[in-house]
Amino acid sequence: MQGGKKGMALLGQTLRRIFKRERDRRRYANSPYAWLFQPYMGEELVALACESIPGETSVLSVAAVVLNQQQVHTSQPWVATFADPQTVDQAALRQHQQLYNTATAVLPCAETLHAFTDFIGNRPLVGWQLDQQFCMLNSAFRTHLGFGLPNVQVDVAKLHQRQLRRLHPLVESSQPFSEALDCWQVPAISTQGLLGKATASALLYMRLQRDMTQSG
């Protein structure tokens, strides 16, 4: 019964996301952002990682890296911290940037978010526990652009849980990111910094995709 309720809740979330995306697609059909709502026809994805300062809603660091089924393109990532220097605690901001290796701080405004959308495009987005990571990012998008990110989302945590349950039904599938990397033999060293976390998410996604393809 509990599993059924959880499944219905997930279905409800998915339907709400679909309805909201369709509403935004119609609303912005004649805007410069209309192309973001179109289906992506290529073979690339974008891996994301987001971190914020606990209790500080105006600071959000984001790292994004492009990947395909063969490789992760780490040479040209998008890494920045969205922060308003007039309102944020400067010491906390510096500590946050040092912790996640984000040298660039930009204002959370329409111009910088537009630059971010130019990087990710309408490609599917990959990440660990995307619903949690997208909360503040989508809030910034809705505040400054009027819509949340319409991209298809692939939650690597859910892929990991699904594949682990399929192979080992009795194993606990709810694991932290570091244990999931160990489980699928993805190098943990790649998680250093926020770009490292995005890269590790991409590598874990590729590993799971290969495993699912090979196992049928």
Is it true that residue 47 is in contact (Cβ under 8 Å) with a residue 12 or more places away in the chain, within 30 Å of residue 210 (Cβ to Cβ) and surrounded by 12 or more Cβ atoms within 10 Å (Cβ to Cβ)? yes
Of the criteria (1) modelled with pLDDT of 90 or more; (2) closer than 18 Å to residue 51 by Cα; (3) not aliphatic (A, V, I, L, M), which one residue 144 fails: (2)
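To keep it simple, each residue is scored yes or no on (1) touching a strand residue (DSSP E or B) at 6+ places or on another chain (Cβ under 8 Å); (2) surrounded by 14 or more Cβ atoms within 10 Å (Cβ to Cβ); (3) among the aliphatic types (A, V, I, L, M).
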| residue | (1), (2), (3) |
| --- | --- |
| 123 | yes, yes, no |
| 142 | no, no, no |
| 157 | no, yes, yes |
| 161 | no, yes, no |
| 182 | no, no, no |
| 198 | yes, yes, yes |
| 202 | yes, yes, yes |
State whether one or more residues within region 97-110 are assigned to a strand (DSSP E or B), in contact with a helix residue (DSSP H, G or I) (Cβ under 9 Å, 6 or more places away or on another chain) and touching a residue at least 12 places away in the same chain (Cβ under 8 Å). yes
Select, from 46, 62, 79, the only residue that is closer than 23 Å to residue 181 by Cβ, of a type in the set (Val, Ile, Thr), in contact with a Cys (Cβ under 7 Å, 6 or more places away or on another chain) and outside any helix (DSSP H, G or I). 62
Determine which member of the set 215, 174 is among the small types (Gly, Ala, Ser), touching a residue at least 40 places away in the same chain (Cβ under 8 Å) and farther than 25 Å from residue 78 by Cα. 215
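Quick one: how many residues across region 140-156 are out of contact with any Leu (no Cβ under 8 Å at 6 or more places or on another chain) and either outside any loop (DSSP other than H, G, I, E, B) or more than 17 Å from residue 37 (Cα to Cα) (or both)?
Of all residues in region 140-156, those out of contact with any Leu (no Cβ under 8 Å at 6 or more places or on another chain) come to 142-143, 146-148.
Next, only the ones that are either outside any loop (DSSP other than H, G, I, E, B) or more than 17 Å from residue 37 (Cα to Cα) (or both) stay: 142-143.
Adding up the residues that qualify gives 2.
Residue-wise test of (1) buried (at least 21 other Cβ atoms within 10 Å of the Cβ); (2) not hydrophobic (A, V, I, L, M, F, W, C).
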| position | (1), (2) |
| --- | --- |
| 51 | no, yes |
| 76 | no, yes |
| 79 | no, no |
| 83 | yes, no |
| 101 | no, yes |
| 105 | no, no |
Test set (1) at pLDDT 95 or above; (2) touching a Cys at 6+ places or on another chain (Cβ under 7 Å) - residue 124 fails condition number: (2)
Does region 85-99 include one or more residues that are surrounded by 19 or more Cβ atoms within 10 Å (Cβ to Cβ) and touching a Leu at 6+ places or on another chain (Cβ under 8 Å)? no
If only one of 203, 137 is part of a helix (DSSP H, G or I), within 12 Å of residue 49 (Cβ to Cβ) and not small (Gly, Ala, Ser), which one is it? 137
Test of understanding: among 147, 134, which residue is over 14 Å from the mean Cα position of the chain (by Cα) and either surrounded by 16 or more Cβ atoms within 10 Å (Cβ to Cβ) or touching a residue at least 60 places away in the same chain (Cβ under 8 Å) (or both)? 147
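The values are calculated or read from the model by the stated rules, or taken from the named source; none is laboratory data. Just so we're clear, the structure is a prediction, and the values are computed from it rather than from any experiment. Here Cβ is always computed from backbone atoms with ideal geometry, including for glycine, and neighbour counts include all displayed protein chains.
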